[in-house]
1. Of all residues in region 153-169, how many are away from the ligand (no atom under 16 Å from the Cβ) and either over 30 Å from residue 78 (Cβ atoms) or assigned to a strand (DSSP E or B) (or both)?
2. Inspect all residues belonging to region 545-564 and state whether any of them is within 30 Å of residue 157 (Cα to Cα) and away from the ligand (no atom under 13 Å from the Cβ).
3. When the residues of region 492-514 are filtered to those that are more than 16 Å from the ligand (Cβ to nearest atom) and assigned to a loop (DSSP other than H, G, I, E, B), which remaining residue is nearest to residue 356 (Cα to Cα)?
4. Here is a list: 210, 258, 229. Which entry is surrounded by fewer than 21 Cβ atoms within 10 Å (Cβ to Cβ), at pLDDT 95 or above and more than 22 Å from residue 350 (Cβ to Cβ)?
5. When region 465-491 is examined, which residues are found to be in contact with a strand residue (DSSP E or B) (Cβ under 6 Å, 6 or more places away or on another chain), more than 14 Å from the ligand (Cβ to nearest atom) and more than 16 Å from residue 430 (Cβ to Cβ)?
6. Return the residues of region 445-464 that are assigned to a loop (DSSP other than H, G, I, E, B) and away from the ligand (no atom under 16 Å from the Cβ); say none if nothing qualifies.
7. If you check residue 535 against the conditions, is it within 30 Å of residue 138 (Cα to Cα), modelled with pLDDT of 95 or more and away from the ligand (no atom under 14 Å from the Cβ)?
8. If a residue counts only when it is at pLDDT 95 or above, surrounded by fewer than 20 Cβ atoms within 10 Å (Cβ to Cβ) and more than 16 Å from the ligand (Cβ to nearest atom), which helices (runs of 4 or more DSSP H) contained entirely in region 332-408 have at least 2 such residues?
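The values are calculated or read from the model by the stated rules, or taken from the named source; none is laboratory data. Since this is a predicted model, take the numbers as computed values, not measurements. Because the Cβ atoms are built from the backbone with ideal geometry, glycine has one as well, and the counts that use them run over all protein chains shown.
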Ligand code: GCB
């Protein structure tokens with residue numbers, strides 16, 4: 001799905017700001033048609049933001065079920081004869097939307113965009129009411145899964161992942177116009193002819209444009225200075241780029257593919273610009289190659305998580321986080337454990353930061369659930385994670401790939417984090433999803449992230465994966481406080497994975513650490529212990545040749561559900577939640593930049 005753009009033929013109106021908001025604790029709003037009038041008893045709510053931490057108290061923080069958002073928007077006068085589209089960049093985890101009293105769309109899944117053509121329901125120059133009901137419930141048929149337990153004191157949401165179930169309108173909302181004949185999709189696949197490690201090789205850009213309506217397509221490829229490099233006619237083809245300036249880690253060079261739709265008389269009907277980074281990705285043996293060169297992932301599993309706004313997107317926080325990644329010497333991150341805002345991927349593209357892009361399929365694991373506080377006998381069964389869940393999961397993969405397919409920063413997909421992967425049931429569940437992913441994606445490697453409870457001798461899914469991605473907590477959840485034992489066990493396990501003959505990326509390793517807690521005798525939770533543990537992992541990584549990357553868990557401390565294993569959140573950050581460095585941040589900076 002294309003992102004809205006301002007071009008010579010298109011305009012956007014942002015609907016960010018304060019919306020009217022009301023929690024629907026009784027779940028009566030749909031029946032009482034709250035969309036049909038200005039929301040009674042509403043309070044102000046910022047969009048984008050999670051609603052949970054905006055108001056003091058437990059009610060909204062722990063709310064389970066529907067909340068209502070409403071705003072009024074004046075449709076610009078100039079949009080007469082245009083197609084008018086209403087788009088939500090995300091609504092966590094599902095939403096139904098009305099324009100005036102007309103229901104225009106529903107969407108399942110909290111981290112991908114959805115939109116509707118609302119031309120028939122608006123009049124340019126007039127104001128229209130937009131209402132969205134957003135439901136935060138996780139069930140056996142949602143991604144991620146969860147269970148709502150009805151208690152004498154109200155519903156309680158349980159789930160098998162640790163990050164807090166923030167909800168609401170987390171990303172911008174747009175009203176935008178397109179001409180009635182318009183570009184509805186663009187796919188670009190970059191390539192390199194000949195030796196990719198050459199200084200300025202010949203690049204290729206294979207493109208495919210979908211147009212709704214009658215018109216012919218012309219494409220022009222412009223370099224970063226706006227000079228035309230090449231052009232072609234027709235909705236699909238391959239462009240050749242002599243002396244290509246490649247997109248590469250640390251060099252976010254991009255071309256502009258300007259797509260024009262022309263009428264029979266040559267008039268411009270629509271124009272849309274798609275950025276293109278020319279680079280290749282390949283797995284060869286135990287090497288992960290970008291542009292033919294071995295790439296070693298240095299960075300973090302992250303979260304969209306901040307004080308007050310929760311998972312709400314914010315450009316200032318985003319840029320600051322990228323500046324910290326730069327300061328520490330990270331070259332990559334994983335969008336643990338859900339698709340991040342498109343702004344984040346655009347930024348990564350533009351700055352040459354490499355991304356492992358993950359679906360929201362996290363917490364399909366009874367053993368992890370037991371640690372977090374949700375007990376379940378069998379995760380994969382007709383009554384729990386089932387074929388119905390798989391349908392939702394498949395749709396999440398389709399939507400993620402469709403949204404992010406053109407980002408050069410995305411070099412590897414993760415279709416799930418830490419599912420059980422040692423049971424026949426888990427294999428039966430996942431095999432078709434790997435098949436689907438491969439059908440949708442022919443150019444990037446695909447994988448999933450393996451959990452400590454499914455080591456190499458029992459795992460059944462790694463054979464479907466191009467890269468070995470594993471999360472390990474030797475020295476924390478196992479061999480707690482015993483780094484000597486942890487070192488031996490970590491190395492022994494990596495040696496087993498090495499036998500797969502694929503690149504190994506440690507996608508998580510780390511220790512909870514309370515900033516400011518110091519101890520010289522190896523006390524867990526201290527800043528010294530976090531440093532010692534990371535140092536130990538690095539020693540081991542440097543001995544194992546198949547290692548292709550290290551992503552510390554986590555970039556920053558983050559909010560979790562409440563329970564006896566977390567003190568005001570997960571504290572494994574190299575930075576605190578408000579982005580102050582722990583000692584480990586300096587250790588990582590020394591390792592990753594050589595600077596102190
Ligand atoms: C994991 C999960 C991650 C948790 C982390 C932890 O394995 O993938 O979501 O936050 O462990 O700190 O327990």
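1. Count: 7.
2. Yes, region 545-564 contains at least one residue that is within 30 Å of residue 157 (Cα to Cα) and away from the ligand (no atom under 13 Å from the Cβ).
3. So, considering only residues that are more than 16 Å from the ligand (Cβ to nearest atom) and assigned to a loop (DSSP other than H, G, I, E, B), the one nearest to residue 356 (Cα to Cα) is 503.
4. 210
5. We begin by selecting, within region 465-491, every residue in contact with a strand residue (DSSP E or B) (Cβ under 6 Å, 6 or more places away or on another chain); these are 465-471, 486, 489-490.
Filter once more, keeping what is more than 14 Å from the ligand (Cβ to nearest atom): 465-468, 486, 489-490.
Hits for region 465-491 are 486, 489, 490.
6. Scanning region 445-464 gives 445, 456, 457, 458, 460.
7. No, not satisfied.
8. On the way: elements: 342-351, 366-372, 387-404.
Qualifying helices (runs of 4 or more DSSP H): 342-351, 387-404.
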